[in-house]
Structure formats: structure tokens, C-alpha cells
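Below you'll find the structure, written out as C-alpha cells, and then a few comments.
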Amino acid sequence: MKIILLLLSLVFFMPFVAQTDKKYKPISFTQHFPNNIPVVVMPEFNLQQVLNEEEINIKNGTGMYRFGYEHQVNIDFFDEATQVSTPKEETVFRLAIKSSEALSLNLIFNHFYLPENDRLFVYDKNKETVVGAYTSINNNQANTLGTELIKGDEMIIEYIQSSPTERAILNIGTVVHGYLDINNWYSFKVNESGACNMDVICPDGDDWRSEIRAVVRIMNGGGLCSGTLINNTAQDGTPYILTANHCSPQSMASAVFRFNYDSPICGSQTTANSQAPSNNDVVNGSSFKARNPNSDFGLVELNSIPPANYNVFYAGWNNSGATPTHTVGIHHPHGDVKKISFDDNPPTSGNIGTAVANAEWRILAWDRNTTTEGGSSGSGLFDQNRLLIGQLHGGQATCSNSINDYYGKFAISWNGNSPTSRLRDWLDPTNSGVQTLSGFDPNASMNDVALVSIISPDSTFCGSSLTPVVEFKNVGSDTLSSLSFQYGVDGFITQNFDWQGNLAPNDEISLPLSAIQFSNAGDFNFTITASQPNHQVDGDTANNSLSVSFRSLGNCLAYPNPFTDELTVLLEQGKINNSPVSLFLIDAQGKEVLNIKATPTNGDNKIVLDTSSIHKGMYMLKFVYKDNEDIQKVVKY
């Protein structure tokens, strides 16, 4: 199916580490209880009529992409459930919900509250899919909870009461009968969306790895949309999700937001052999912030911060309204694993079904055999700088005719009559007035430097003064303006060097350091450590140290000695004086086998001689400067 119109800041949130507590299991899995679970059976409904109504919605361009029929109920869990006590003085309540021939079931508790230490699970009768434990960490201001999908047409709700003095509130308002297999439980491949859709793991997505991590599938009751986790100018990780107004952001209090629903392989765009991932990275619930039909945008804030192990990214944005050179869309068509679409040409301005002229970006045609579909609604459109410039409203694109998609312009969404009808209050809380904001990676260190290589010393060093040269890279998210180095030989850190400059994230430079003096020849180990980027603790010290072994030949004039196909000559700076220098290589019979004249400039005192054609034996290397000369014995072997 294709839908014509496609479908509190961090200060007040605790940084929850998970949405469900995986260390618990339902008590009934390990203890024998009577098999007398009461079953509440959903009434039959006319599925064909539901599908016909959905086709009308498609033609009229209304609402989300539907995967399930919503039974509106009013079930007090404790009135219907059976209960049994355990030896640990806990009470276990269980109730079954059945909707015949459903492919999946999920619930919305329209009144939800759990006391501390109590636990709630939902699972199928065969115990193949288990969700939980939901705990008091899932309590929220809206007092609602939407569960994840359970496989099959019968589910069991199990509640473990630990506190005899306080009772939970569990009232079921919606039972969703899933009639589409959006979680790939009944097939060997993911294939709800059209075959032409490109998996984000494919090579075309390599330049978009960060932005891909920001995109989320939104399951709201029996409907599906897409959304994007978005950054704000405070860059504090407030978990705002940008989606579409027609996805009903004002009713997403019980929505389930799934991150990283990505195929682990790059499926073919002709056979749709993508695979479902094994993770279940979800966040339950959100609070409404803003929406506006003029650009069809919606903004919600997740009830909790995505855990660090979800590895999410907060997308950047551009509110200037400037026309991009090309665009990319990242989305979940038909609730499928995440896909990526490319328009390699500039979009035009237009609108479809909105009251403001030119309030949307029009994609004339998708390229690279990509498209969008129902369920892609609300997904972000990115410009060539990987910044959000809109979210999907609707269009006509399909695999067979991938043309005419419309995205509400971020620039139009930025302003409105009140905070609940515009983006600027939420995404620019610092009142910076900036038009563009880069993305934010909460797992990246703000100040982090990596030593890339030691350029000098190399394997052999000649002379009495060593000037180390090191290459380092700014792998943090802040511009690097200062850095300290500590270095020395054979474990003795004898030198400190403070660098100041301006190194942007992901840039690298080579830096000569202060010299180390040598008095003796021998084998040494040079070690260097970088620290205190921007006078802060380094975010990752594992990449801050390097070492290299080298041989010092002492006060020599050429190395290596013995040599083979190359001989490196060191001219003494004090003797050069910008004048020509003659080099002679003389064999044991006094014959010149090599005669070179050079004029070193800009302090370059190193000359590499090609000695591949010279026979093995002993030679005298003679340096003739303007006013004096030097001689060193060398051996070719």
C-alpha cells in the first residue's frame, strides 16, 4: 500500500539506563502455578472492511500507515486477573488477552502506575516473545504506557506485586490486533516495503552513518511513522523527535520509539532479501511539544534519554530555507527496516494539502532506484551538509514510479504563533539565532586527541640533537586549541612541550617538538604522550601514547652505516651558509665513484644518495664546503 499523504529538558529527566529491566524474568517461568489464567477475548471485526477504509484514507491522504486494528476497551487488569502468592510473599497476577488470527498484539495502558520494586511482563502463550520487566522507571506524567509487539493472537500479562501497602494502576484502553507482520516473524526476509528500497547498511549509506543512527520507527497504537532525533543549541541531549503532524504527535504519550531497526546485510533492491536485526532498542512514551499543519511538522520529547548502548545521534539542522544541491531521506517504509533514499538533484518548492504556498520541498524524482512509502511519513530530509531541512508529509512515490514527494520545510516550521506551533523555542533554547547547527554525538568525547604516528625519529638517527616530529588528530567534537606533550627515551620522560593552535574536529597535523640532546650512540626507545586537550581530561586515553625504537649513530655524517641501496647524508648547518656543497664517494683505490654538487636551502640539511649501482666495499665519503671539508668512512654491503 502507498499513502498519498505519507504517512522537559534534561534537567528534569533522570538519565534512565533502560526501558525494561532485562535481569528479571516472569516468576511463572520458574515456578509451577495453576493453569487457570482468565482470558479476555476481543470481538471479531471485518478485516476486509478495515482494509477498504484504509484504502480510502490512502486516497484522501489522512493519518498514519496502519498495521493493526485498535480494539477500544476498558479493562481493569486487577478486576479480571487471577492471583497467586509465592513463598517470597509476593503476589503474582495474570491475565490473557486474545484476538483471533492476529499476527501480533500490543496494548496501551491508558492508566498506568507501578510502585517501586513491582514488575510487569507481557509475553505470548508459547513464551517466544517476552517484554519486560516494566518497572516504576516507566512511570510518566501522562500515566500511560504502550507495550511492544507480542507474537501471535494471544498474550499474557503478568504482574508481580512486591509491596503489600501500595497497589499499581493498570487499566487497558486499547488492544491492537496486528494484521501486518511488521516485525518479520512469519517470513525469512523483511519484505513489507517495496523491493527497491535500499538498506541503510549498503555502501551508498557510508557518508550518512551518523544521521542513520538518529532515525527511529514510531509505533503509535496500530499506526506507524518515522521520526528523527534532533539536536538543540544547548547541545545537552534533550531527546526531541521531529516527525509529521499527521502522525498525531499530540497522542504519542504511549508510542513506542524503536532505534537501530536496521538490516544487518545489504539486501538486493530487486529481491528484498533484507534481514531483521536482533536488537530491541526501544524507548516508551513521549510528551508533546509542538505541531503545525502549515508545514506538517510535529515535535515530541521522549520520556527518557536513549541509553548509551543504543549509540544514537542527534541530527543537525538548517533553518535558512536555502535550496540544497541534493538531498537524502532516511526512513522506515511500511515499518520495515531502515532505508535510505537519494535525490541527486536540487528539490523545488511546492506544497500538497497545506494552506501555505511553497511551504514544502518537492522531490521531483528519487534516484538510485530508491523511494518512500507509507510509514516513511515524518522522516527527515537532509541537505548536502547532512543537516535536516524538513520532514515527509506525503507524495506519490512508489517503486514503480518514484516521483513527487513533499517535505514540510524546516524553515517554515521554525516560526509560528506560539511555542506549541513552532520549533525555535525548543531547538534554540539559548536564543542564539543561528541558522545551522551541527549534529551531536552523546558518545563522542568533547575533547579527545589521538596520536597518529611518530614521523621522527625513524629507524636510524644520526647526530647529537634529535628533533621529534609527531602527527596527531582531533577526534573530539570541539575545536582543539591547546595540547600538552610529554616525551623522552628509554622510559625517562625528560621533555614537555605545550602546543597552541586551531585544529577542527577530524583534522590532523604534523608537529616538530623541542629537541632532545644525545651524547652517545646506541639503541633507544622513544615514547611520547599527549594530554590535556583544551586543558581538559582527554575523553579516550587509549590513543594518547606512541613509542618507536631507533638507533642513534652518534655524531656521524651519514647513515645507515653499513649501507645498501641508499645513503642518507647529513650536512652541518653551520658550514653550509647557503653555498654549494660537493659530495664525493671514493673507493679503496682512490677512485671517485660518486660526485654530487648540491645547494641546500630553507634549512634542509639531509640528502639521500642512490647507491644501488655501487659495488660492495669500503669507501670514504668526502664533504667539501666553501671553507672546509669533512670525511667519514662508510661501508657498502
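Rule-based calculations on the coordinates, nothing more; no lab input. Since the structure is predicted, the reported quantities are computational estimates derived from the model, not experimental observations. Ideal geometry is used to build each Cβ from the backbone, glycine not excepted, and the neighbour counts take in all protein chains shown.
What the Kirkwood sum gives for the chain is a hydrodynamic radius of 29.0 Å, with every pair of different alpha carbons counted.
Spherically averaged projected area of the convex hull of Cα atoms, segment 371-493: 14.7 nm². Partners of LYS125 within straight-line reach, counting aspartates and glutamates whose Cα lies under 13 Å from its Cα and excluding those fewer than 8 residues away in the same chain: ASP153, GLU154, GLU158.
What value, in deg cm²/dmol to 500, does the helix sum -39500 (n - 2.57) over DSSP H runs of n ≥ 4 give at 222 nm once divided by the residues of the chain? Spell out each step's value before the answer.
Details: 6 runs with 35 residues, N = 637.
Result for the chain, helices only: -1000 deg cm²/dmol.
Which residues among segment 470-490 fall inside the zone where the amide N is under 14 Å from a point 7 Å beyond the Cα of GLN532, along Cα→Cβ? What the label zone holds, given the 14 Å backbone N cut-off, is 481-487. The dipole here belongs to segment 10-178: it is taken about the Cα centre, uses +1 on the Cβ of Lys and Arg and -1 on the Cβ of Asp and Glu, and is about 440 debye. In this Cβ point-charge picture (+1 for Lys and Arg, -1 for Asp and Glu), the chain has a dipole of about 380 debye about its Cα centre. Of THR541, THR371, THR243, the sequence from fewest to most neighbouring Cβ atoms within 10 angstrom is THR541, THR371, THR243. By the Kirkwood approach, averaging reciprocal distances over each pair of separate Cα atoms, segment 433-581 gets a hydrodynamic radius of 17.4 Å. Quick one: pull the percentage of alpha-carbon pairs in segment 41-117 with a separation above 14 Å. Above the 14 Å cut-off, segment 41-117 has 74 percent of its Cα pairs. Legend: ranking of residues PHE485, PHE550 from fewest to most surrounding C-beta atoms inside 10 Å; resulting order PHE550, PHE485.
Placing a label point 7 Å from the Cα of ASN311 along the Cα-to-Cβ direction, the residues of segment 207-225 whose backbone N falls under 11 Å from that point are 210, 213.
Quick check: Cα centre of segment 614-634 to Cα centre of segment 456-525, how many Å? Between the Cα centre of segment 614-634 and that of segment 456-525, the gap is 32 Å. Report the Rg/Rh value for segment 223-349, based on alpha-carbon coordinates and the Kirkwood definition of Rh. A ratio of 0.97. What is the distance, in nm, between label points placed 7 Å from the Cα along the Cα-to-Cβ direction at GLN72 and at SER484? Label-label distance for GLN72 and SER484, simple model: 6.7 nm.
P(r) for segment 204-251, from all Cα pairs and a bin width of 5 Å, is 5, 18, 23, 21, 18, 11, 4, 0 %, short bins first.
For THR135, THR82, THR144, what ranking results if the residue with the fewest other Cβ atoms within 10 Å of its Cβ goes first? It would help to have the intermediate numbers written out before the result.
Details: THR135 19, THR82 14, THR144 24.
Taking fewest neighbouring Cβ atoms as first place, the list is THR82, THR135, THR144.
Would you mind getting me the FRET efficiency between GLU55 and ASN417? Use the beta-carbon distance for r and R0 = 30 Å, nearest 0.05. Efficiency at R0 = 30 Å is approximately 0.25.
Using the Cβ-Cβ distance between ASN126 and GLN384 with R0 set to 51 Å, the FRET efficiency from 1/(1 + (r/R0)^6) comes to roughly 0.55. Taking label positions 7 Å along the Cα-Cβ direction at both THR460 and GLN235, the computed distance is 4.8 nm, reported to one decimal.
Considering only SER582, TYR559, THR527, the residue lying farthest towards the positive end of the dipole of segment 481-602 is SER582, judged by Cα position with unit charges set on Cβ.
A crude spin-label estimate for the pair ASN502 and ILE37, with each label 7 Å from Cα along the Cβ direction, gives 6.5 nm.
Only the Cβ atoms of Lys and Arg (+1) and of Asp and Glu (-1) were treated as charged; on that basis the dipole of segment 558-636 about its Cα centre amounts to roughly 120 debye.
For segment 89-149, the mean projected area of the C-alpha convex hull, equal to one quarter of the hull surface, is 5.0 nm². If you take the square roots of the eigenvalues of the alpha-carbon gyration tensor of segment 313-389 and sort them as a ≥ b ≥ c, do you get rounded (a/c under 1.5), prolate (a/b over b/c) or oblate? Judged from the Cα gyration tensor, segment 313-389 comes out rounded (a/c under 1.5).
How compact is segment 10-178 by the rule of thumb for globular proteins, expressed as Cα Rg over 2.2 N^0.38 Å? Walk me through the intermediate numbers first.
Working: Rg = 17.2 Å, N = 169, 2.2 N^0.38 = 15.5 Å.
Scaled against compact globular proteins, the figure is 1.11.
Taking R0 as 41 Å, what's the FRET efficiency between THR323 and THR30 from their Cβ-Cβ distance, rounded to 0.05? According to the calculation, E is roughly 0.10.
Regarding segment 421-477, what whole-number volume in Å³ per residue does the convex hull of its Cα atoms give?
Cα convex hull per residue, to the nearest whole number: 132 Å³.
Ranked from largest, the principal axis spans of the Cα set of segment 198-434 equal 48, 38, 32 Å. Using Cα-only point scatterers and the Debye equation, what is log10 of I(q)/I(0) for segment 558-636 at each q in 0.13 Å⁻¹, rounded to two decimals? Log10 of I(q)/I(0), two decimals: -0.36. The string of couplings for segment 209-215 from the Karplus curve (6.51, -1.76, 1.60, θ = phi - 60°) is 4, 5, 5, 4, 5, 8, 8 Hz, one whole number per residue in order, with x for Gly and Pro.
Run the numbers for ARG368 and CYS266: contour at 0.36 nm per residue of separation, minus the present Cα-Cα distance, in nm.
Working: separation 102, 0.36 × 102 = 36.72 nm, distance 1.46 nm.
The span from ARG368 to CYS266 would gain 35.3 nm if fully extended.
For segment 374-453, the list of trypsin sites (Lys or Arg not before Pro) that fall in a loop by DSSP and count at most 10 other C-beta atoms within 10 angstrom is empty.
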